[in-house]
Amino acid sequence: MTFELSREHEEFRRVVREFAESQIAPHASRWDRDHHFPTDVVQQMGKLGLMGLTAPEEYGGAGADGDFTSLCVAIEEIGRVDQSMGITLEAAVGLGINPILSYGDQAQKERWLPDLVSGQALAGFGLTEPGAGSDAGATLTRAELVDGAWVINGAKQFITNSGSDLTSCVTVTARTGVTTDRTGAERAEISAFVVPTDTPGFTAEPAYDKLGWHASDTHPLTLADVHVPEDSMLGERGRGYAQFLATLDDGRIAIGALAVGCIRACLDACLQYAGERQTFGVPIGRKQGVAFQIADLEVMLRASRLLVYSAAATKDAMRESGGPTARELKQTAAVAKLYATESAVSATRIATQVFGGYGFMEEYPVARLYRDAKVLEIGEGTSEVQRMLIARGLGLPVE
């Protein structure tokens, strides 16, 4: 297995970079300032094929010509110019399409995937709740089978792509009963469902006023006596929690790619600024105090990129017989996510320092990057959760 990017990947990078720089970069600051979610750009990403990179041809995807590594390349390049649009793409594919593609039956795939893959629709991923974040097994949302329909009641929190004009459905976890494990202890049976957003009782509450990612769509959700058909269950009954956790393994790699884009943006901005900004009669890039910090950005970028694309290659290799195991993927994804996201937060702090007082001003992109980066250490598994997963992978019985 190799994680060196192919010539095709680099050619694809150039295509996405051209799109990002022409269609997104000129508007990113305004979208951020206005808290505007640009649905037209989301649809353009779909037309470019970015939403279908991991989907089969029968649903309009790239099929054999696509892979998870290509998705990470696209997320990195979009995230380099705008983290909000980067997370929109990441969530649209990794959290929106992936659960339906991986666990849906044929009818569910045929109903939902064509529009999602084309970018004409978006899907949300409803796992987190007000009292169940890192401890997602503490889900309180419930689903009861009544007269051939599931009745769902509960609330979800921090759900990306869940309340836009393009959002067609949200996959949610809910308790469907109680099971007994091998030790005889009772635990909640958690299943997953596909809920159309136009179902009565489903409400996307007003969007959050967030620290960063101002141009992404994020809402709390309320489900009050939401009736969905019995065949709306996604995958096997009682397997919803496990399915959603497996979905997060892929998402963590993709979030790592978003972090790589953030680091690259910081490095590019600092290199340009350090060559232009003059103090004491010379460019600040001649000062070791500045130059050494920028050198650290290069180290963070290279190391993060290697970890992320190694994890992406692991994901792609799992499609081959005798490839890596799910346990290996979980470990490599956690390592990549942890290092890349924490490096991105450090990179934005360094970039802001290099820019000095100007870095504190919203007219410069490093201020936006500084605000956007912090959630990378939180979303799709906090840094603490990643360390726990890594420790367990090493055989340590950490709680």
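Report, in deg cm²/dmol and to the nearest 500, the calculated mean residue ellipticity at 222 nm for the chain, where each DSSP H run with n ≥ 4 adds -39500 (n - 2.57) and the sum is divided by the residue count.
-15500 deg cm²/dmol
Once the dipole of the range 1-147 is set up with Lys and Arg at +1 and Asp and Glu at -1 on Cβ about the Cα centre, which of A62, V15, G52 lies farthest towards its positive end?
Checking the options against the dipole of the range 1-147, the answer is V15.
Which FRET efficiency value, to the nearest 0.05, do you get for Q106 and L271 by plugging their Cβ-Cβ distance into 1/(1 + (r/R0)^6) with R0 = 51 Å? If you can, show how the numbers build up before the last one.
Working: r = 51 Å, r/R0 = 1.00.
For R0 = 51 Å, the calculated efficiency reads 0.50.
Which trypsin sites (Lys or Arg not before Pro) does the range 32-85 hold that lie in a coil by DSSP with at most 10 other beta carbons within 10 Å?
none
Along the charge dipole of the range 82-129, Cβ charges K/R +1 and D/E -1, which of M85, L113, G124 sits furthest on the positive end?
L113
Hey, got the dipole for the chain? About the Cα centre, +1 on K and R Cβ, -1 on D and E Cβ, debye to the nearest 20?
So the dipole magnitude of the chain works out to roughly 1280 debye.
Would you kindly derive the ³J(HN,Hα) couplings of the range 384-389 from the backbone phi angles with the Karplus curve 6.51 cos²θ - 1.76 cosθ + 1.60 (θ = phi - 60°), listing them in order in whole Hz, with x for Gly and Pro?
Going residue by residue, I get 5, 5, 4, 5, 5, 5 Hz, with x marking Gly and Pro.
With an 8 Å Cα cut-off and a minimum separation of 6 or more residues, compute the relative contact order for the chain in percent. Intermediate results must be reported in sequence, preceding the final value.
On the way: 755 pairs, mean separation 66.4, N = 399.
17 percent.
When only Cα pairs under 8 Å and 6 or more residues apart are kept, what is the percent relative contact order across the range 242-393?
32
Return the loop-located trypsin sites (Lys or Arg not before Pro) in the range 267-334 (DSSP other than H, G, I, E, B) with at most 14 other Cβ atoms within 10 Å of their own Cβ; answer none if there are none.
K287, R319
Could you give the dipole magnitude of the range 7-122 about its Cα centre, charging the beta-carbon of Lys and Arg +1 and that of Asp and Glu -1, in debye to the nearest 20?
Details: 10 positive and 19 negative charges, 49 e Å.
Around 240 debye, computed over the range 7-122.
Work out the FRET efficiency for H9 and H36 from their Cβ-Cβ distance, taking R0 = 30 Å, and round it to the nearest 0.05.
Once the sixth-power term is evaluated, E becomes 0.45.
Can you tell me what percent of all Cα-Cα pairs in the range 125-237 are more than 22 Å apart?
Details: 2062 of 6328 pairs.
Here the tail beyond 22 Å accounts for 33 percent of pairs.
Output wanted: per-residue J couplings in Hz (rounded whole) for the range 39-56, from phi through Karplus 6.51 cos²θ - 1.76 cosθ + 1.60, θ = phi - 60°, x for Gly and Pro.
4, 5, 6, 4, 5, 5, 4, x, 5, 6, x, 6, 6, x, 5, 10, 9, x
Which FRET efficiency value, to the nearest 0.05, do you get for T222 and V282 by plugging their Cβ-Cβ distance into 1/(1 + (r/R0)^6) with R0 = 41 Å?
Efficiency at R0 = 41 Å is approximately 0.10.
Run the simple label-point estimate for R319 and A185 please: 7 Å along Cα→C-beta, distance reported in nm.
It works out to 3.9 nm between the two label points.
Taking Rg and Dmax of the Cα atoms in Å as the quantity of interest, determine which of (1) 21.3, 80; (2) 33.9, 118; (3) 22.5, 70 was computed from the displayed structure.
Computed from the coordinates, Rg and Dmax of the Cα atoms in Å corresponds to (1).
Using θ = phi - 60° and the Karplus form 6.51 cos²θ - 1.76 cosθ + 1.60, what ³J(HN,Hα) does each residue of the range 203-208 get, whole Hz, x for Gly and Pro?
Result, rounded to whole Hz: 10, 8, 5, x, 4, 5.
What's the Cα-based Rg to Rh of the range 242-393, Rh via Kirkwood?
When Rh is taken as the Kirkwood radius, the ratio is 1.08.
Only the coordinates and a few stated rules stand behind these numbers; no lab work does. No experiment lies behind these values; they were computed from the predicted model shown. Cβ: placed from backbone, ideal geometry, glycine included. Neighbour counts: every protein chain shown.
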